[in-house]
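Worksheet: the structure to be examined is printed underneath.
The values are calculated or read from the model by the stated rules, or taken from the named source; none is laboratory data. Predicted model, so just to flag it, every value in this text is computed and none were measured. For neighbour counting, all protein chains shown are included, and Cβ atoms are generated from backbone atoms with ideal geometry for every residue, glycine included. Side chains included, ligands, DNA and RNA excluded: accessible areas come from the protein's heavy atoms. Shrake-Rupley method; radii C 1.70, N 1.55, O 1.52, S 1.80 Å.
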Amino acid sequence: MVVVDPPSVVVGLEPAEAALTPGGTQRFTAKVSGASDTSVSWSATGGEITGEGVYAAPGTAGTYTVRATSVADTRKYAESSVTVTVPPVLPPAIMHFAAVPATINAGQSATLNWEVAGATSLSIAPGVGTVTGTSVTVTPATTTTYTLTATNAAGNTTATTPVTVTVPDTWTSLVWANETPGSYDSDVYRWLDSGKQQRTAVLTRNTARDPGGSYGGMLRQFRFYIGTTERVATGTGSSGLWNGWGYVVSHFGSGVSHSANLAGTYRRVFVGRHHAIHEFSWNMPIAGTSVKVTVHWFFATGRDYPVYAVTFDTSAAGSSGLSTNADSRTPYGDIAWDGDGTHAFVDGVKWGDKYRFYSRDEPFTAQSKWDYSQPNSVPYTMAYSRGADAEMGMVQTLDWLQHNTGGTWFHDNWGRTSESRVGSFDGWMMPPNWNWPYQMCQYEMLDAYSQTRSKRLAWGLMYGAVGNPAYYGYGYGGTYSGHPYQSYSVFMVMGQQSAGEVLAQATQVERMLKAKLSAIQGAVVTLGPLGVARTDTATYPVPGYNSNYAAYELQADLSGQFNATLDAAGGELLNPLFLVRSVAGVPARLYLDGVLLQADVDYFASFDSSTGVVWLTLNRAWSGSHTLASGT
């Protein structure tokens, strides 16, 4: 008998070795020969293994054994070695760190954005601290470099990004001082104009006679820059009396009353950081009645030209008004608008009422041809010297229909030129001196053919405009009331003839009057005094437009805040001015279209605590529609 031994059971296992990281997996395959049952059982000295031979490494480094044991013969098995190693921990990775925008103005914000991998914590310095997510907003006061630190067990990784803060040069404030240039006791105002250059107005006090013999109460001197050269314009002392510009003059019957020979009072109504109002007042005798006359000079940072506002209060005459027909030639005076010491000839004159008048010939004499044919909106008057590149004029803050101006009978020549003129001319080609709607140099044109160097300049209203309850305006197209008040305001413009500054300001006023103001928070002011030093109220000719100072007027809400939209529907406005009532102070923040503005750079603010009014000049060319809002 032959005995045959049963075949020996053999177990094979693959792979024989494996290298894993903690938590890693490896599938092992077992093969059994020598038995009909080829199944195995699995075991491991560390980690876990499934019945299908899938091994999962433990979290601890080391060498472990995976065993596959034959089910048919448990004495038979095969083993594989598994080496588990923990890889070194790497520091975090910062893929991106940047500021948007990278450059801001002071008071604005930037957003820091980042992308980081492998970090357990994040922090940003300076001034931010621990952060999460992928962004944070910062508002640095000065240029700052921010450092992002990403941290994990292996250490830190850092990245930096700068935020550049642009701090524009702030505009210095308006200043006032009591000075005595040339022994003229004066209140002197200095401010920065739209070109950030200093302008100076010397207002001589009106309580005593000045060294030139008048009682002051006028602009003794005006100083401004053309490029880097300062032009100084001082009162000429013409006729031994007119030592400056801005006197009050009123003719009546065969008489005249003026402030040059009349003592009065003065006061600083308001001197703020960027705005100021200076007042002169007199009790002026007109045909036996004491007429209270008040003049306000208004100055504002960012504005080139002061506003001259005047009110004649004839209340003392009773309900019927003055017993005479009085006109106004206010403001009136003689100042060297071509620059002290220049003594230039006047090369031409222009004015505007319902039509535009201009002289056509140079040299300018009484025989110069003229044109009065083109319609006009905003009243103005001016004289100029081409040789000195200088001009001076006035521009009313309302248009001709809103406040009639001009004070003679020359309207018969509206729409005409000197070639088609009508009426009496007394041997002149120009209108005779008594028939100019505004007083300028015509009375100093000594004959019909000589040039003049006279710098005389005055406004003009019809006889009856002061103190008459119903008088005919220039053109005789309607009647107006000059009693108990006659009030109006003009810009005093002095500058270069080549720049056409007077006509440019007239265009600005036209645009001001066409702009549309609306309020989202607070209210648009539509009623108020139609002149300075008045307590009566009436409807403004343009809603929200205070013609006394050429300012857009708002009323804050009960919280003292406002949000208003100004649509420059008539064209671009240069540095528009806002007057906001019922506020507790200058707004803590001011926004234009939601963007935070910087005080003394983007806008110029003054607060009058006695009236609860804040004055705001916006330092920009304002085109289209924009929203101005206060904030806490």
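The candidates 48, 115, arranged from most to least accessible area with a 1.4 Å probe in the full protein assembly, appear as 48, 115. Applying 1/(1 + (r/R0)^6) with r as the Cβ-Cβ distance of residue 374 and residue 102 and R0 = 60 angstrom yields a FRET efficiency of 0.70. Based on protein heavy atoms only, the stretch 271-401 ends up with 28 Å² per residue of surface accessible to a 1.4 Å probe. With a threshold of 27 Å on the Cα-Cα distance, the over-threshold entries among 350/514; 369/514; 196/354; 354/516; 455/514 are 369/514; 196/354; 455/514.
Between 0 and 90 degrees, the angle of helix 501-514 with respect to the longest Cα principal axis of the chain falls at about 70 degrees.
Dipole of the chain, Cα-centred, from +1 at each Lys and Arg C-beta and -1 at each Asp and Glu C-beta, to the nearest 20 debye?
Using Cβ point charges on Lys, Arg, Asp and Glu, the chain gives about 940 debye.
For the pair residue 453 and residue 160, label points projected 7 Å from Cα toward Cβ lie 6.8 nm apart. Taking all protein chains as they are arranged and a probe of 1.4 Å, the heavy atoms of residue 73 leave approximately 20 Å² accessible to solvent. Any number yet on Rg/Rh for the stretch 265-418, C-alpha, Kirkwood? We get a ratio of 1.01 for the stretch 265-418. Within a straight-line Cα-Cα reach of under 16 Å, residue 31 can be paired with the following lysines, leaving aside sequence neighbours fewer than 8 residues apart in one chain: 76.
Surface composition of the chain: carbon plus sulfur atoms contribute 50% of the solvent-accessible area (1.4 Å probe, protein chains only, all chains present).
The local environment of residue 606, defined by Cβ-Cβ distances under 12 Å, has a net charge of -1 under the rule Lys, Arg +1 and Asp, Glu -1. Cα centroid distance between the stretch 347-379 and the stretch 188-252, in Å? Each part reduced to its Cα centre gives a spacing of 26 Å. For the stretch 1-147, the ratio of Cα radius of gyration to the globular rule of thumb 2.2 N^0.38 Å stands at 2.02.
With the simple model of a label 7 Å out from the Cα in the direction of the Cβ, residue 610 to residue 115 spans 6.4 nm.
If R0 is taken as 51 Å, the Cβ-Cβ distance between residue 207 and residue 595 corresponds to a FRET efficiency of 0.60. In the stretch 99-146, inverting the average of 1/r over every pair of distinct C-alpha atoms gives 11.6 Å as the Kirkwood radius. Using Cβ point charges alone (K and R +1, D and E -1), the dipole size of the stretch 468-617 about the Cα centre works out to roughly 280 debye. Using the rule -39500 (n - 2.57) for each DSSP H run of four or more residues, divided by the residues of the chain, the 222 nm mean residue ellipticity is -500 deg cm²/dmol.
Surface analysis of the stretch 103-229 yields an accessible area of 45 Å² per residue, using protein heavy atoms and a 1.4 Å probe.
Distance from the C-alpha centroid of the stretch 32-76 to that of the stretch 576-598: 81 Å, rounded to the whole angstrom.
A viscosity of 1.567 mPa s and a temperature of 4 °C, combined with the Kirkwood radius over C-alpha pairs in the Stokes-Einstein formula, give the stretch 423-573 a diffusion coefficient of 68 µm²/s. If R0 is 35 Å, the Cβ-Cβ spacing of residue 33 and residue 86 corresponds to a FRET efficiency of close to 0.40.
Can you tally the net charge around residue 315? Count Lys and Arg as +1, Asp and Glu as -1, for every other residue whose Cβ sits under 11 Å from the Cβ of residue 315. Charge balance in the 11 Å sphere: 0. Solvent exposure of the stretch 466-507 amounts to 32 Å² per residue of accessible area, where only protein heavy atoms count and the probe is 1.4 Å. The antiparallel fraction among DSSP beta bridges confined to the chain stands at about 95%.
Taking a ≥ b ≥ c as the square roots of the eigenvalues of the Cα gyration tensor of the stretch 575-620, is the shape rounded (a/c under 1.5), prolate (a/b larger than b/c) or oblate? Prolate is the answer for the stretch 575-620, as a/c is 1.5 or above and a/b outweighs b/c.
Length gain on complete extension for the stretch residue 238 to residue 481, per 0.36 nm per residue less the alpha carbon to alpha carbon distance?
84.1 nm
Rounded to whole Å, give me the distance from the Cα center of the stretch 422-473 to that of the stretch 97-163. Comparing the Cα centres of the stretch 422-473 and the stretch 97-163, I get a distance of 72 Å. Label sites at residue 169 and residue 142, each approximated as a point 7 angstrom past Cα along Cα to Cβ, lie 2.0 nm apart.
The alpha carbons of the stretch 63-126 give a radius of gyration and a Dmax of 27.4, 85 Å, in that order.
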